[in-house]
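Report on the following structure.
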Amino acid sequence: MTSQPITARIAEGVASIPAEEWDACAGSGNPFVSHAFLSILERSGSVGAGSGWQALPILVDGADGRAAAIAPAYAKAHSQGEYVFDHGWADAWERAGGDYYPKLQIAVPFTPVPGPRLLLRDPAKAPALIAAIEAVTQQNELSSAHVTFVDDAQLPEFERAGWLIRAGTQFHWANDGYGGFDDFLAALASRKRKAIRKERAAALEGLTVRHLTGAEITEAHWDAFWAFYQDTGARKWGHPYLTRPFFSLLGAEMGEQVLLILAERDGVPIAGALNLIGGDALYGRYWGAVEEVPFLHFELCYYQAIDAAIARGLSRVEAGAQGEHKLARGYVPVTTWSAHYFPNPGFRRAVADFLARERAAIDNEQEYLAELTPFRRED
């Protein structure tokens, strides 16, 4: 923690902060930390009352009186929609007689996408912002604070502050300067290359695939995708996290950063994948279907995303959380990070011991997974 006095403020939601002030801190490379995306979550009712996510952004001002550093913070009443699982920690804390919830979560709700979690117009304010997060946790007698899916560049800030660091694994596709999908296939072992060609042919038989962005996406398209999303949400989470207005607002306010990939049979959409376009990456977020078609999930979420990334000159595709099945499709294991703060020293020691054991297991798993990638091996 910094030794200098820290003056911070807590806002009543992202939407209460001027967009230009927020985005001056957030930058433009990662769409999920933009004022537009986070405020759409609020205005659509996807977060807020009844959701267990109460938006409480923490701000440190600069000498000009405007925000110089912002943490997209939420008071959490549960551990859903985070993708970094701490249910065991919550159980242990409550067995010891404490209240784990509410906890403080610095994150993008429902979005396991690495990115900045300290939004910095003035990078020198990073230690002050971390100190402010700690102070909010302590002063409100919260059990803990959690910064999930923090990008590699900001991880050292939390390490210097003494937070506990947790590793995880995702599978991303890297663009090695490919001119097209066939160039990517040429980098794979022959058996894997043939398997992908068969999958694509089977998935696309009798279907038409459309890539839509901006004004091309109509409310009818969102209605179709809402049906897909509801089906997936009901199976994965019990009920969808996002509301129907979220998608209309996303299309209206961030349409040029949206890539909606639809599969149609006889002109009628039967499946779709929703992506957001970042400064150097395509981010796959949601998928669903109302008709079961073999391999169509792989086609829309992975192969079509690769096509789109190559066409746009993007360096990678991030296809969301988990999924070892992505390995065979050319998506390789990468490490993701989270940082955790526990004011109680006894509980901190217990979590630190757990994380040390978990990290060793993750390192071993990643070494194993790296051997399973489909790329040709040079002798």
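The values are calculated or read from the model by the stated rules, or taken from the named source; none is laboratory data. Keep in mind the model is a prediction, meaning the values are calculated, not measured. Cβ atoms come from the backbone with ideal geometry, glycine included; neighbour counts cover every protein chain shown. Please note that ligands, DNA and RNA were not included when accessible areas were found on the heavy atoms of the full protein model with its side chains. Shrake-Rupley method; radii C 1.70, N 1.55, O 1.52, S 1.80 Å.
Can you list residue pairs whose Cβ atoms sit under 8 Å apart, with the first residue in region 238-258 being over 17 Å from Trp287 (Cβ atoms) and the second being open to solvent by 60 Å² or more (accessible area, probe 1.4 Å) and among the basic types (Lys, Arg)? Count only pairs 6 or more apart in sequence or on different chains.
As it stands, the answer is Pro245/Arg43; Leu249/Arg43, since those pairs meet every condition given.
Using beta carbons and a limit of 7 Å, which pairs, at least six apart or on different chains, have the first residue in region 340-351 and β-branched (Val, Ile, Thr) and the second one outside any loop (DSSP other than H, G, I, E, B)?
Between residues of region 340-351 that are β-branched (Val, Ile, Thr) and residues that are outside any loop (DSSP other than H, G, I, E, B), the close pairs are Val351/Trp89; Val351/Leu164; Val351/His340.
Scan (1) closer than 22 Å to Ala36 by Cα; (2) modelled with pLDDT of 95 or more for the single condition Gly81 breaks and write down its number.
Going through the list (1) closer than 22 Å to Ala36 by Cα; (2) modelled with pLDDT of 95 or more, Gly81 breaks only (2).
Out of region 24-33, which residues are open to solvent by less than 20 Å² (accessible area, probe 1.4 Å) and under 23 Å from Gly65 (Cα atoms)?
Residues satisfying the conditions are Cys25, Ala26, Val33.
Residue under question is Ser79, and the condition is that it be in a loop (DSSP other than H, G, I, E, B), open to solvent by less than 40 Å² (accessible area, probe 1.4 Å) and either more than 29 Å from Ala321 (Cα to Cα) or in contact with a His (Cβ under 6 Å, 6 or more places away or on another chain) (or both); does it hold?
On the way: in a loop (DSSP other than H, G, I, E, B): yes; open to solvent by less than 40 Å² (accessible area, probe 1.4 Å): yes; either more than 29 Å from Ala321 (Cα to Cα) or in contact with a His (Cβ under 6 Å, 6 or more places away or on another chain) (or both): yes.
In short, yes.
Under 7 Å by Cβ, and 6 or more places apart or on different chains, what pairs join a residue from region 191-207 that is touching a residue at least 24 places away in the same chain (Cβ under 8 Å) with one that is among the basic types (Lys, Arg) and crowded, with 18+ Cβ neighbours inside 10 Å?
Filtered contacts from region 191-207: Ile196/Arg329.
How many residues does region 304-324 hold that are part of a helix (DSSP H, G or I) and either buried (at least 19 other Cβ atoms within 10 Å of the Cβ) or touching a residue at least 12 places away in the same chain (Cβ under 8 Å) (or both)?
Residues flagged as part of a helix (DSSP H, G or I) and either buried (at least 19 other Cβ atoms within 10 Å of the Cβ) or touching a residue at least 12 places away in the same chain (Cβ under 8 Å) (or both) within region 304-324 amount to 9.
Go through region 1-21 and report how many residues are within 20 Å of Val136 (Cα to Cα), open to solvent by less than 70 Å² (accessible area, probe 1.4 Å) and either in contact with a strand residue (DSSP E or B) (Cβ under 6 Å, 6 or more places away or on another chain) or among the hydrophobic types (A, V, I, L, M, F, W, C) (or both).
6
From the list Tyr286, Tyr229, pick out the single residue that is in contact with a strand residue (DSSP E or B) (Cβ under 9 Å, 6 or more places away or on another chain), closer than 19 Å to Ala319 by Cα, in a helix (DSSP H, G or I) and touching a residue at least 12 places away in the same chain (Cβ under 8 Å).
Numbers: Tyr286 fails: in a helix (DSSP H, G or I).
Going through Tyr286, Tyr229 in turn, the sole match is Tyr229.
Could you give every pair whose Cβ atoms fall below 6 Å, whose first residue belongs to region 78-101 and is in contact (Cβ under 8 Å) with a residue 40 or more places away in the chain, and whose second residue is open to solvent by 80 Å² or more (accessible area, probe 1.4 Å), counting only separations of at least 6 or pairs across chains?
From residues that are in contact (Cβ under 8 Å) with a residue 40 or more places away in the chain, the pairs are Tyr100/Glu94.
Going by the conditions given, is Leu104 among the aliphatic types (A, V, I, L, M) and within 16 Å of the chain's Cα centre (by Cα)? Before the answer, list the steps.
Numbers: among the aliphatic types (A, V, I, L, M): yes; within 16 Å of the chain's Cα centre (by Cα): no.
Spelling it out, it is not the case that Leu104 is among the aliphatic types (A, V, I, L, M) and within 16 Å of the chain's Cα centre (by Cα).
Restricting to region 59-76, give me the number of residues that are buried (at least 22 other Cβ atoms within 10 Å of the Cβ) and in contact with a helix residue (DSSP H, G or I) (Cβ under 9 Å, 6 or more places away or on another chain). Show your work before the answer.
Pass one, region 59-76, residues buried (at least 22 other Cβ atoms within 10 Å of the Cβ): 59-60, 67-74, 76.
Remaining after also requiring in contact with a helix residue (DSSP H, G or I) (Cβ under 9 Å, 6 or more places away or on another chain): 59-60, 67-73.
Residues that pass the stated criteria total 9.
Got a number for residues in region 160-180 being touching a Leu at 6+ places or on another chain (Cβ under 8 Å) and not β-branched (Val, Ile, Thr)?
At the first step, the residues of region 160-180 found to be touching a Leu at 6+ places or on another chain (Cβ under 8 Å) are 164-166, 169, 171, 175.
Still in the running and not β-branched (Val, Ile, Thr): 164, 166, 171, 175.
The qualifying residues number 4.
Report, by residue number, each residue of region 225-241 that is closer than 22 Å to Ala263 by Cα and either open to solvent by less than 40 Å² (accessible area, probe 1.4 Å) or modelled with pLDDT of 90 or more (or both).
If we filter region 225-241 for residues that are closer than 22 Å to Ala263 by Cα, which is where we start, we get 225-236, 240.
Residues satisfying the conditions are Phe225, Trp226, Ala227, Phe228, Tyr229, Gln230, Thr232, Gly233, Pro240.
Among the residues of region 269-283, are any open to solvent by 20 Å² or more (accessible area, probe 1.4 Å), closer than 19 Å to Thr232 by Cα and touching a residue at least 60 places away in the same chain (Cβ under 8 Å)? Break it down stepwise before answering.
As a first pass, look at region 269-283 and keep what is open to solvent by 20 Å² or more (accessible area, probe 1.4 Å): 269, 277, 279-280.
Then keep just the ones that are closer than 19 Å to Thr232 by Cα; that gives 269.
Imposing the further condition that a residue be touching a residue at least 60 places away in the same chain (Cβ under 8 Å) reduces the set to none.
For region 269-283, residues open to solvent by 20 Å² or more (accessible area, probe 1.4 Å), closer than 19 Å to Thr232 by Cα and touching a residue at least 60 places away in the same chain (Cβ under 8 Å): absent.
Pick from region 175-190 the residues that are surrounded by 14 or more Cβ atoms within 10 Å (Cβ to Cβ) and touching a residue at least 24 places away in the same chain (Cβ under 8 Å): which of them is nearest to Gln322 (Cα to Cα)? Break it down stepwise before answering.
To start, the set of residues in region 175-190 that are surrounded by 14 or more Cβ atoms within 10 Å (Cβ to Cβ) comprises 175, 178, 181, 184-185, 187-188.
If we keep only those that are touching a residue at least 24 places away in the same chain (Cβ under 8 Å) too, we end up with 175, 178, 181, 184, 187-188.
Details: Asn175: 20, Tyr178: 25, Phe181: 24, Phe184: 22, Ala187: 24, Leu188: 22 Å.
The residue in question is Asn175.
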